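Q: Here's a structure for you.
The values are calculated or read from the model by the stated rules, or taken from the named source; none is laboratory data. Everything quoted here is computed from the prediction, not taken from an experiment. Cβ sites come from the backbone with ideal geometry, for glycine too, and all protein chains shown count toward neighbours.
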Amino acid sequence: MPRSFDQLTEQEILALAISSEEDDSRIYGDIADRMRKDFPATAQMFEAMQAEEIDHRRRLFELYRARFGEHIPLIRRQDVKGFIQRRPVWLVSPLGVQAVRNLAQSMELETRRFYQRAAATVTHASTRELLLNLADEERKHSALANDLAEKHAASGAKAEEDAAERRLFVLQVVQPSLAGLMDGSVSTLAPLFAAAFATHNSWDAFRVGLAASVGAGISMGFAEALSDDGSMTGRGKPWLRGLACGIATTAGGIGHTLPYLIPGFRTATLVAALVVAVELVAISAIRNRYMDTPFLAAAFQVIVGGVLVFLAGILIGSS
């Protein structure tokens, strides 16, 4: 299980900062390499941001070595509650200006919060001073990322921070709910249609589908609530996020379960199949809109996967 930030020692905080800066520098380098052909100016800016992250790591390491020696314990973001789980750049395709703008802003906002919280935790004066300086430099990176839309913001740092907060809300609150909706829509297909074709009874199929939907909602809700305490990302109370994710997951399964309230088995199954088709197309659109996934790629992944789960349920129920 990931540890809480409050459990980290000052040595572990510095080790986490060093590994985080290394990760960020590599991400910025990947972005620069991918953007160089079509957006050379943007690539150049990310190269400069990469160089600054490398310098941040150097300064952190020099302070760490002076205080704790050469050995740096292995501790990374995924080992601590509250950090965003970042997707590798090679998984984000196509990599447009808007996509990297959103990615960079969420990265810099999270890192700035980390440094601010770390500075409030440590007791060593030099360490606190360095962390506060790095927090201010990360804020300047957020301003640079905000200019990637090829226009200049007119309202200053406050508006930039508010815009980043809104994007982070969509990324970290809306998207988990959408992930729950997608999981509930696909994962309940097999048990629902297996029960329907095994019993040829609409009421029995409805009860199985309802149980599968509620069970998936509870599982996803707990998983989301326990994944992140929200301390670094500002995602809010974990149990509220878990509740939203759980409800969305249940709703995703209920959609194609409700048709089995129709007494006639054939009619109910036909309506449920039509609902499934609409759900899979809607999920593809959702992934395209909120998760930077091209619509055709999202449709292939979701529809092919959903159809296979749907057919599996029918084959198992008919056997």
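Q: Exactly one of (1) crowded, with 22+ Cβ neighbours inside 10 Å; (2) not in a helix (DSSP H, G or I) is unmet by G253. Its number?
A: The one condition G253 does not meet is (2).
Q: Here is a check on your reading of the model: is R57 at pLDDT below 80, under 23 Å from E137 (Cα atoms) and surrounded by 17 or more Cβ atoms within 10 Å (Cβ to Cβ)? Please lay out each step first, then the result.
A: Numbers: at pLDDT below 80: no; under 23 Å from E137 (Cα atoms): yes; surrounded by 17 or more Cβ atoms within 10 Å (Cβ to Cβ): yes.
In short, no.
Q: Quick check on my filter: what residues within segment 78-100 are in a helix (DSSP H, G or I) and either touching a helix residue (DSSP H, G or I) at 6+ places or on another chain (Cβ under 9 Å) or at pLDDT 80 or above (or both)?
A: Those that are in a helix (DSSP H, G or I) and either touching a helix residue (DSSP H, G or I) at 6+ places or on another chain (Cβ under 9 Å) or at pLDDT 80 or above (or both): Q78, D79, V89, W90, V97, Q98, V100.
Q: Another question about this same structure. Could you tell me whether segment 261-278 includes any residue that is hydrophobic (A, V, I, L, M, F, W, C), over 23 Å from the mean Cα position of the chain (by Cα) and not in a helix (DSSP H, G or I)?
A: yes
Yes/no per residue for (1) small (G, A, S); (2) in the same structural domain as K81 (by TED's automatic domain parsing); (3) farther than 20 Å from L109 by Cα:
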site: Q11; (1), (2), (3): no, yes, yes
site: L14; (1), (2), (3): no, yes, no
site: A17; (1), (2), (3): yes, yes, no
site: F39; (1), (2), (3): no, yes, yes
site: Q44; (1), (2), (3): no, yes, yes
site: A51; (1), (2), (3): yes, yes, no
site: R57; (1), (2), (3): no, yes, no
site: F61; (1), (2), (3): no, yes, yes
site: R67; (1), (2), (3): no, yes, yes
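Q: Now, a different point. Quick check, is H71 under 15 Å from I13 (Cα atoms) and either crowded, with 20+ Cβ neighbours inside 10 Å or not assigned by TED's automatic domain parsing to the domain that holds Q105 (or both)? Before you say what the answer is, go through the steps one by one.
A: On the way: under 15 Å from I13 (Cα atoms): yes; either crowded, with 20+ Cβ neighbours inside 10 Å or not assigned by TED's automatic domain parsing to the domain that holds Q105 (or both): no.
Spelling it out, it is not the case that H71 is under 15 Å from I13 (Cα atoms) and either crowded, with 20+ Cβ neighbours inside 10 Å or not assigned by TED's automatic domain parsing to the domain that holds Q105 (or both).
Q: Confirm whether L103 is at pLDDT 75 or above, under 19 Å from the mean Cα position of the chain (by Cα) and of a type outside the set (G, A, S). Lay out the reasoning, then the answer.
A: Details: at pLDDT 75 or above: yes; under 19 Å from the mean Cα position of the chain (by Cα): yes; of a type outside the set (G, A, S): yes.
Yes, satisfied.
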